[in-house]
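Since the structure comes first, as structure tokens, the remarks are kept for the end.
The values are calculated or read from the model by the stated rules, or taken from the named source; none is laboratory data. Note that this is a predicted model, so its numbers are computed, not measured. Note that each Cβ is placed from the backbone with ideal geometry, even for glycine, and that neighbours are counted across all protein chains shown. We work out accessible area using only protein heavy atoms, side chains counted, and drop any ligands, DNA or RNA first. Shrake-Rupley method; radii C 1.70, N 1.55, O 1.52, S 1.80 Å.
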Amino acid sequence: MLNIGYCLSALLLAVSVSADTPANCSYEEIRGVWEFSESARTANRSEKCDLTVKLVDKVRIELQYPNTAVDHLGNRGTWTLIYNQGFEVIINDRKYFAFSDYKQVGTKVTSICNQTSAGWSHDVLGNN
């Protein structure tokens, strides 16, 4: 598992890891406005991303057709689905990644496409 040094959570407005997940979210379910919350930016790549991490920064990003991302300051970037399990956004010299959330009871899996599990963010060079 990749750990970039600080945590990220995202929640769809209108309106959270392992390798492959059973989530099955489509382009249309991911497209829209997301709010990303980050922990403090540090160079420490061993931070544990769990519910005890204090989130100190937020950015709102709209994921538009076909692959344009626009943040609350008007910066433009790109976004892409990672198979049907998550998505990556590159904007304002930063990368954000999160897996789509899901709930599993026994063998029944329910995708929760308007939420994510904890993810990662870092500058485009892989720092901070």
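A compact table of results
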quantity	calculated
Tabulated pairs, the range 109-121, first farther than 22 Å from residue 55 by Cβ, second open to solvent by less than 40 Å² (accessible area, probe 1.4 Å) and of a type outside the set (S, T, N, Q), C-beta under 8 angstrom, 6+ apart or interchain	109/23; 111/23; 111/25; 111/101
Filtered residues of the range 91-119 (kept if over 18 Å from residue 22 (Cα atoms), within 11 Å of the chain's Cα centre (by Cα) and open to solvent by 30 Å² or more (accessible area, probe 1.4 Å))	95
Residue check, residue 62 open to solvent by 70 Å² or more (accessible area, probe 1.4 Å), touching a strand residue (DSSP E or B) at 6+ places or on another chain (Cβ under 7 Å) and of a type in the set (Asp, Glu)	yes
Tabulated pairs, the range 54-76, first closer than 12 Å to residue 90 by Cβ, second open to solvent by 70 Å² or more (accessible area, probe 1.4 Å) and not in a loop (DSSP other than H, G, I, E, B), C-beta under 9 angstrom, 6+ apart or interchain	68/62; 68/76; 69/62; 69/76; 71/60; 71/62
Residues being at pLDDT 95 or above and at positive phi - total across the range 69-85	1
Single match in 78, 110, 116, 68 (criterion: within 23 Å of residue 42 (Cα to Cα) and among the polar types (S, T, N, Q))	116
Subset tally (residues that are at pLDDT 95 or above, surrounded by 12 or more Cβ atoms within 10 Å (Cβ to Cβ) and not in a strand (DSSP E or B)) for the range 27-59	4
